1. How many residues are surrounded by 14 or more Cβ atoms within 10 Å (Cβ to Cβ) and either under 19 Å from the mean Cα position of the chain (by Cα) or among the aliphatic types (A, V, I, L, M) (or both) when one looks only at region 29-42?
2. Looking at the structure I just gave you, is Leu224 away from the ligand (no atom under 12 Å from the Cβ), among the hydrophobic types (A, V, I, L, M, F, W, C) and open to solvent by 30 Å² or more (accessible area, probe 1.4 Å)?
3. Looking only at region 201-216, filter to residues that are assigned to a helix (DSSP H, G or I) and not hydrophobic (A, V, I, L, M, F, W, C); which one of those is most open to solvent (accessible area, probe 1.4 Å)?
4. Output the number of the condition that Glu23 fails; it satisfies all remaining conditions of (1) away from the ligand (no atom under 16 Å from the Cβ); (2) open to solvent by 30 Å² or more (accessible area, probe 1.4 Å); (3) in contact (Cβ under 8 Å) with a residue 40 or more places away in the chain.
5. Within region 227-240, which residues are part of a strand (DSSP E or B) and either free of Cβ contacts under 8 Å to residues at least 24 places away in the same chain or away from the ligand (no atom under 11 Å from the Cβ) (or both)?
6. What pairs can you find where one residue is in region 241-254 and touching a residue at least 40 places away in the same chain (Cβ under 8 Å), the other is of a type in the set (Lys, Arg), and their Cβ atoms are less than 6 Å apart, with a gap of 6+ or different chains?
7. If Arg253 satisfies every condition in (1) open to solvent by 50 Å² or more (accessible area, probe 1.4 Å); (2) within 16 Å of the ligand (Cβ to nearest atom) but one, which is the exception?
8. Could you run through region 103-128 and say how many residues are open to solvent by less than 30 Å² (accessible area, probe 1.4 Å), in a loop (DSSP other than H, G, I, E, B) and within 16 Å of the ligand (Cβ to nearest atom)?
Amino acid sequence: MAAIRPLVAGNWKMHGTGSSLVELSTLRKRLAQAPIPEVEVMVCPPATLLTRAPEVLQGSEIVLGAQDCHPLASGPHTGDISAEMLADAGAKAVIVGHSERRMDHGETDALVNAKALAAYRAGLTAIICVGETEAERSEGATMSVVKRELQGSVPEEARAANTVIAYEPVWAIGSGLTPTPADVAEVHGFIRSVLGQLLGNGQSGAMRILYGGSVKPANAGELLYVPDVNGALVGGASLKADDFYAILAVYGRERTA
Ligand code: PEP
């Protein structure tokens, strides 16, 4: 089977105004000066910057992603944004089921599944997030939670070409804490086996499974080379171009070593 090209996606969350586009411009320049072709690079700014980012990214290979979408294409849903609107703005992918949306907005697996289907309908890649809370981990329920979320959130139509899974232990997000590389390897291997049951081994073997939760330049080297880890979803450390580039550069190291 062909090697999987890793993806590192930056999730800016509810951070950033027009002045933050300078970080995108810096990232673009750094990648132009010292490209890292081994990795696909994506940035998911807040929706307000989606129409402005393409101008900054013009001519670069940085992919634009969004952070959420409504399951329907249009309608009376004040404040919501459809996948079609995101695609129209220039996004190629959308994060769905992030734990902050599951917690802040009570999003269920069924809704996440519908959002992933909306992404496919609009021609976007769905980045589907799963992960256990601290309490679930201490109860030993990590695998059952992750399995339940995958079964409920990943549509039958999911394919390696239209879907990325992000394993994000909730307790690791924004906390500075990370699981050990051995724990990450165990959960990622388990996720791939569940995807195999759901979608067949052909799709699961080629699907990218990202790790997310407090990835920083200092720990990226040990987390990104864990077996079955095909990249990262990065929150806080994606806001500064230098930090984000330092994470991406982990993939260029083998070549330069
Ligand atoms: C995230 O929100 O997807 C995330 C991984 O955040 P952080 O890197 O800040 O932990």
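The values are calculated or read from the model by the stated rules, or taken from the named source; none is laboratory data. Predicted model, so just to flag it, every value in this text is computed and none were measured. Methodologically, a virtual Cβ is constructed for each residue, glycine included, from the backbone with ideal geometry; neighbour enumeration extends over all protein chains shown. Side chains included, ligands, DNA and RNA excluded: accessible areas come from the protein's heavy atoms. Shrake-Rupley method; radii C 1.70, N 1.55, O 1.52, S 1.80 Å.
1. 7
2. Numbers: away from the ligand (no atom under 12 Å from the Cβ): yes; among the hydrophobic types (A, V, I, L, M, F, W, C): yes; open to solvent by 30 Å² or more (accessible area, probe 1.4 Å): no.
Taking the combined requirement at face value, the residue does not satisfy it.
3. Ranking the qualifying residues of region 201-216, first place goes to Asn201.
4. That leaves (1) as the condition not met.
5. Residues of region 227-240 part of a strand (DSSP E or B): 231-234.
Of everything in region 227-240, just one residue is part of a strand (DSSP E or B) and either free of Cβ contacts under 8 Å to residues at least 24 places away in the same chain or away from the ligand (no atom under 11 Å from the Cβ) (or both), namely Gly231.
6. Close Cβ pairs satisfying both conditions: Tyr245/Arg30.
7. Result: Arg253 fails condition (2) only.
8. Adding up the residues that qualify gives 1.
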